[in-house]
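What follows is one structure encoded as structure tokens, with my remarks underneath.
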Amino acid sequence: MDIDAAIQSCLDTKHISEAWVLELCAKAREVFDDEMNVHVVPAPVTVVGDIHGQVHDLLEMLKIGGYPPDTNYLFLGDFVDRGYYSVETITLLLLYKVKYPNRVTLLRGNHESRQITQVYGFYDECMRKYGSSVVWTEFTDTFDHIPLTAVIEKSFFCTHGGLSPSLETIDHIRQLDRHKEVPHDGPMCDLMWSDPDDETQEWGVSPRGAGYIFGAEVSEKFLQTNGLKLIARAHQLVQEGYKWSHDQRVITVWGAPNYCYRCGNQAAFMEISEHLESTLVQYEPAPRRGEAQLVRASPEYFL
């Protein structure tokens, strides 16, 4: 595989050959296996939320935020499904991870799953673009190796979804076996499915049917117990691209503008400086020829 040629193909929104995908996934698994469940990330770094196969908007974000290795990135998961270019999106991110392993961090989201991707588009896209399930199998096998969480400079805890009543400390997360399909329940599931809630103080039943909703008391206790300052997560569509919760102890960032090409939302990423100062940068969808203009609408409930 010519990694630079493969990156250029993805930047041109073209998928690479099956042979290159197999080679890429094998290398990516090796890189991920060198990382712990709680990956330690230095600052400065830019934190990015759900992308969901919207590769043109990912490229727009890179134009604004900078390309690796000039900018360090931490992606919070949900790279695939919903959008039309999940193959190109996950391929590009894995290519950057393999080429710049210390400058690009990927975390697993609830959509990095065999079951979910068979329902929400990634499996069908792989079949359409490659003519078989081989590539989908390689990608989903690779998902089993992706770290679950990250900590930036002993200050910012990063995960896709949220917290778990089974995981009071960072050490508890380190002890999980992540090399498997995302379970339907339990602590690994909670990290990818849970949501903060400003109306709840402690734990509540999640309307998603997986994970929990957790309140401000839970966030405060987790941060105090582990000597941290902030929880950064994604997982929820927010109209302005970001949303503070729990007295600014929790930040949600969302990386898919005009989600599903019809929700009318902005996206945002969070830049964390070497002095641990955070800046939120909002952006609009990338212009695409031949597609309808952005229409603001009330979003439906999405996973």
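The values are calculated or read from the model by the stated rules, or taken from the named source; none is laboratory data. What you are looking at is a predicted structure, and each value in this text was computed from that prediction instead of being measured. Note: ideal-geometry Cβ built from the backbone for every residue, glycine included; neighbour counts use all protein chains shown. Accessible surface is based on the protein model in full, side chains and every heavy atom, while ligands, DNA and RNA are left aside. Shrake-Rupley method; radii C 1.70, N 1.55, O 1.52, S 1.80 Å.
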Which of the lysines could be linked to Lys14 by a straight reach, that is with a Cα gap under 28 Å, when you skip same-chain ones fewer than 8 residues away? Lys27, Lys63, Lys97, Lys99, Lys129
Mind pulling the angle between the C-alpha long axis of helix 86-99 and the longest principal axis of the chain? Nearest 10 degrees, somewhere in 0 to 90. 80 degrees
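Summing -39500 (n - 2.57) over the DSSP H runs of n ≥ 4 in the chain and dividing by its residue number, what mean residue ellipticity at 222 nm do you reach, to the nearest 500 deg cm²/dmol? It would help to have the intermediate numbers written out before the result.
On the way: 10 runs with 96 residues, N = 303.
Calculated mean residue ellipticity at 222 nm is -9000 deg cm²/dmol.
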Per-peptide average of other Cβ atoms within 10 Å, ordering 232-240, 4-12 highest first: 232-240, 4-12
Per the C-alpha gyration tensor (a ≥ b ≥ c, the square roots of its eigenvalues), the range 156-237 is rounded if a/c is under 1.5, else prolate if a/b beats b/c, else oblate; here it's oblate
Go through Asp124, Asp50, Asp34 and list them by solvent-accessible area, largest first, probe radius 1.4 Å. Asp34, Asp124, Asp50
In degrees, nearest 10, the alpha-carbon axis of helix 18-33 is tilted away from the dominant principal axis of the alpha carbons of the chain by 20 degrees
Classify the range 25-85 as rounded, prolate or oblate, taking a ≥ b ≥ c as the square roots of the eigenvalues of its Cα gyration tensor: rounded when a/c is under 1.5, otherwise prolate if a/b is larger than b/c and oblate if not. oblate
Using the charge dipole of the chain (Lys, Arg: +1 at Cβ; Asp, Glu: -1 at Cβ; taken about the Cα centre), state which of Phe79, Leu11, Gly209 has its Cα farthest towards the positive end. Leu11
Among Ser278, Ser113, what's the order by accessible area (1.4 angstrom probe), most exposed first? Ser278, Ser113
I want to verify a result. In a Gaussian network model of the chain, Cα cutoff 10 Å, which of these has the top mean-square fluctuation: Thr252, Thr117, Thr137? Thr137
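State to the nearest 20 debye the size of the charge dipole of the chain about its Cα centre, where the only charges are +1 on K and R beta carbons and -1 on D and E beta carbons.
Numbers: 26 positive and 44 negative charges, 93 e Å.
So the magnitude is around 440 debye.
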Report the residue, chosen from Tyr259, Tyr130, Tyr96, that carries the largest GNM mean-square fluctuation when the chain is represented by alpha-carbon nodes joined by springs under 10 Å. Tyr130
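Report the extension gain between Ala19 and Thr225 in nm, rounded to one decimal, defined as 0.36 nm multiplied by the number of residues separating them, less their alpha carbon distance.
69.5 nm is the gain from fully extending Ala19 to Thr225.
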Tell me, what HN-Hα J-couplings in whole Hz come from the Karplus equation 6.51 cos²θ - 1.76 cosθ + 1.60 at θ = phi - 60° for each residue of the range 171-176, using x for Gly and Pro? 4, 4, 5, 4, 7, 5
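Rounded to a whole number, what % of the accessible area of the chain do carbon and sulfur atoms account for, probe 1.4 Å? Write out the running numbers ahead of the final one.
Working: 5870 of 12500 Å².
Roughly 47 percent, rounded to a whole number.
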Accessible area per residue, 1.4 Å probe, Å², for the chain: what's the number? 41 Å²
Solvent accessible area, Å² - Tyr120, 1.4 Å probe, full protein context: 70 Å²
Mind checking which lysines have their Cα closer than 19 Å to the Cα of Lys154? Skip sequence neighbours fewer than 8 apart in that chain. Lys221, Lys229
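Under the rule a/c < 1.5 gives rounded, and otherwise a/b versus b/c splits prolate from oblate, where does the chain land using the Cα gyration tensor? It would help to have the intermediate numbers written out before the result.
Numbers: a/c = 1.43, a/b = 1.29, b/c = 1.11.
It is rounded, given that a/c, with a ≥ b ≥ c, falls under 1.5.
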Per-residue HN-Hα couplings for the range 144-161 [Karplus 6.51, -1.76, 1.60; θ = phi - 60°; Hz; x = Gly/Pro]: 5, 9, 6, x, 8, 8, 9, 10, 9, 6, 6, 10, 10, 8, 10, 8, 6, x
Given Phe139, Leu228, His172, which one lies farthest toward the positive end of the charge dipole of the chain, if we put +1 on the Cβ of every Lys and Arg and -1 on the Cβ of every Asp and Glu? Phe139
Rounded to the nearest 0.05, what FRET efficiency is calculated for Glu199 and Asp141 with R0 set to 41 Å and r the Cβ-Cβ distance? 0.55
So for Trp136, Trp244, what's the accessible-area order with a 1.4 Å probe, most first? Trp244, Trp136
Hey, which aspartates and glutamates would be in cross-link range of Lys180, C-alpha to C-alpha under 17 Å, not counting anything within fewer than 8 residues on its own chain? Glu30, Asp33, Asp34, Glu35, Asp78, Glu112, Glu138, Asp141, Asp144, Asp190
